[in-house]
Amino acid sequence: MITLDRHFVIVPNDYNEAGKASSELKRTLKRMGFSRDLIKRVSVASYEAEINIVIHSLGGTADFKIIDDVIYLQFIDCGPGIPDIELAMQEGFSTANEVSRLNGFGAGMGLKNIKKAADDMILVSDCNGTVLKLKFYIREDDKNVG
Amino acid sequence: MKLSQIVHKFGCTVYTKDLYDPEKTIDFAFCSDLMSDALMIMSTVKDGETLRDSVLITGLTTNQSIRTAEMLDVEVVLLVRGKIPAEPVIELARESGIVLLGTNLTMFNVSGLMYQEGIQGISLHK
């Protein structure tokens, strides 16, 4: 059964709005009564992914779904893509510019942090854009806590 | 430390007065201007109580310090070096339930003073 289905447009370089989709996701998950640990893992991964689109891409979208006992997050952007995914996954590697650093990002920890938070992660990228799919399993002790 | 002690000892301005609970206890802190670092380190803390009793000390006065605290379940953000947040940032803090404070002290000095008072730093939990 689908219990959540939300779609957000993410605007590039808009640091005022950056994180809004993830904030809404977090508040929704809280209302749904999931455990704090699950909510934090999902929120942190979502926020990092959303910020990545704001910083690095030409814009994109975020889709959040809950189907049965799985939370699915999907982030798609319009490019320019990640030239070397293996390098981008390395702790400390970043191509972020000065503006994003002034906004507190660009330490090169984002993708690694996302991978750590999610139960499953698929990242596909070419010059047309990047697709990031994340899965979080809702365990019995994550339900009806809040 | 109680939040009221922090406000009093470090001469803090309280930007979100309606959310301010003088009795709230602060036992832990993390300081950084890089929200990536705060997310990386603080998200490894498994115990939710620890994060709720933490303060994020930063010189970053943008929305992102508030969003980062919200994602991590950290309820207090302390801005250093006398930086004044813009009204939309204060509004976002209110909306997100984050107590926003400001002090004229530098990040190093306020962190050192808090450490002296027994507040522990948050480090990477593997």
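The values are calculated or read from the model by the stated rules, or taken from the named source; none is laboratory data. Bear in mind the structure is a predicted one, so any value in this text is a computation, not a measurement. We place every Cβ from the backbone using ideal geometry, glycine too, and count neighbours over all the protein chains shown. Please note that ligands, DNA and RNA were not included when accessible areas were found on the heavy atoms of the full protein model with its side chains. Shrake-Rupley method; radii C 1.70, N 1.55, O 1.52, S 1.80 Å.
Would you be able to tell me the number of residues in the range B:39-83 that are of a type outside the set (A, V, I, L, M) and assigned to a strand (DSSP E or B)? Before the answer, list the steps.
As a first pass, look at the range B:39-83 and keep what is of a type outside the set (A, V, I, L, M): B:43-44, B:46-50, B:52-54, B:58-59, B:61-65, B:67-68, B:70, B:73, B:75, B:81-83.
Of the ones still in play, those that are also assigned to a strand (DSSP E or B) are B:54, B:58.
Matching residues across the range B:39-83 total 2.
For the subset of the range A:13-31 comprising residues that are closer than 20 Å to A:Asp142 by Cβ and of a type in the set (A, V, I, L, M, F, W, C), which member is nearest to the other protein chains (Cβ to nearest Cβ)?
Of everything passing the filter in the range A:13-31, A:Leu25 is nearest to the other protein chains (Cβ to nearest Cβ).
Report yes if some residue within the range B:1-12 is small (Gly, Ala, Ser) and within 21 Å of A:Ala96 (Cβ to Cβ); otherwise report no. Give the derivation first.
Taking the range B:1-12 first, the residues small (Gly, Ala, Ser) are B:4, B:11.
Narrowing the set further to residues that are within 21 Å of A:Ala96 (Cβ to Cβ) leaves none.
Taking every residue of the range B:1-12 in turn, none turns out to be small (Gly, Ala, Ser) and within 21 Å of A:Ala96 (Cβ to Cβ).
For the range B:84-122, which positions are open to solvent by 70 Å² or more (accessible area, probe 1.4 Å) and either assigned to a loop (DSSP other than H, G, I, E, B) or charged (D, E, K, R) (or both)? Write out each step before concluding.
Of the range B:84-122, the ones open to solvent by 70 Å² or more (accessible area, probe 1.4 Å) are B:84, B:87-88, B:91, B:94-95, B:104, B:108-109, B:115-117, B:120.
Within the range B:84-122, B:Ile84, B:Glu87, B:Glu91, B:Arg94, B:Glu95, B:Asn104, B:Glu117 qualify.
Which residues, counting only those in the range B:28-79, are surrounded by fewer than 24 Cβ atoms within 10 Å (Cβ to Cβ), polar (S, T, N, Q) and more than 7 Å from chain A (Cβ to nearest Cβ)?
B:Ser32, B:Thr44, B:Thr50, B:Thr61, listed by residue number.
Going by what's in this entry, would A:Val131 be described as more than 12 Å from the chain's Cα centre (by Cα) and either β-branched (Val, Ile, Thr) or assigned to a loop (DSSP other than H, G, I, E, B) (or both)?
On the way: more than 12 Å from the chain's Cα centre (by Cα): no; either β-branched (Val, Ile, Thr) or assigned to a loop (DSSP other than H, G, I, E, B) (or both): yes.
For A:Val131, the condition - more than 12 Å from the chain's Cα centre (by Cα) and either β-branched (Val, Ile, Thr) or assigned to a loop (DSSP other than H, G, I, E, B) (or both) - is not met.
Please specify each residue of the range A:32-62 satisfying the condition of being surrounded by fewer than 24 Cβ atoms within 10 Å (Cβ to Cβ), facing another protein chain (nearest Cβ under 9 Å) and of a type outside the set (Ser, Thr, Tyr).
Once the filter is applied, which keeps residues that are surrounded by fewer than 24 Cβ atoms within 10 Å (Cβ to Cβ), facing another protein chain (nearest Cβ under 9 Å) and of a type outside the set (Ser, Thr, Tyr), the range A:32-62 yields A:Arg36, A:Asp37, A:Lys40, A:Arg41.
Filter the range A:67-110 for residues that are on the phi > 0 side of the Ramachandran plot and out of contact with any Cys (no Cβ under 7 Å at 6 or more places or on another chain); which is modelled with the lowest pLDDT?
As a first pass, look at the range A:67-110 and keep what is on the phi > 0 side of the Ramachandran plot: A:68, A:79, A:81, A:92, A:104, A:106, A:108.
Next, only the ones that are out of contact with any Cys (no Cβ under 7 Å at 6 or more places or on another chain) stay: A:68, A:92, A:104, A:106, A:108.
Numbers: A:Asp68: 97, A:Gly92: 84, A:Gly104: 86, A:Gly106: 80, A:Gly108: 74.
Across the range A:67-110, the extreme among qualifying residues is A:Gly108.
Name, by its number, the condition in (1) loosely packed, with under 15 Cβ neighbours inside 10 Å; (2) touching a strand residue (DSSP E or B) at 6+ places or on another chain (Cβ under 6 Å) that does not hold for A:Ile10.
Answer for A:Ile10: the failing condition is (1).
Looking at B:Ile41 and the list (1) without any contact (Cβ under 8 Å) to a residue 40 or more places away in the chain; (2) closer than 18 Å to B:His125 by Cβ, which single condition is not satisfied?
(1)
Filter the range B:23-38 down to residues that are outside any strand (DSSP E or B) and under 13 Å from the mean Cα position of the chain (by Cα), then give me how many there are. Give the derivation first.
Start the filter on the range B:23-38 by keeping residues that are outside any strand (DSSP E or B), which leaves B:23-24, B:26-27, B:32-38.
Next cut, under 13 Å from the mean Cα position of the chain (by Cα) only: B:24, B:26-27, B:32-33, B:35, B:38.
Going through the range B:23-38 one residue at a time, the tally reaches 7.
Any idea which residue in the range A:91-146 is nearest to the other protein chains (Cβ to nearest Cβ), counting only those that are touching a residue at least 24 places away in the same chain (Cβ under 8 Å) and of a type in the set (Phe, Trp, Tyr)?
Here the answer is A:Phe105.
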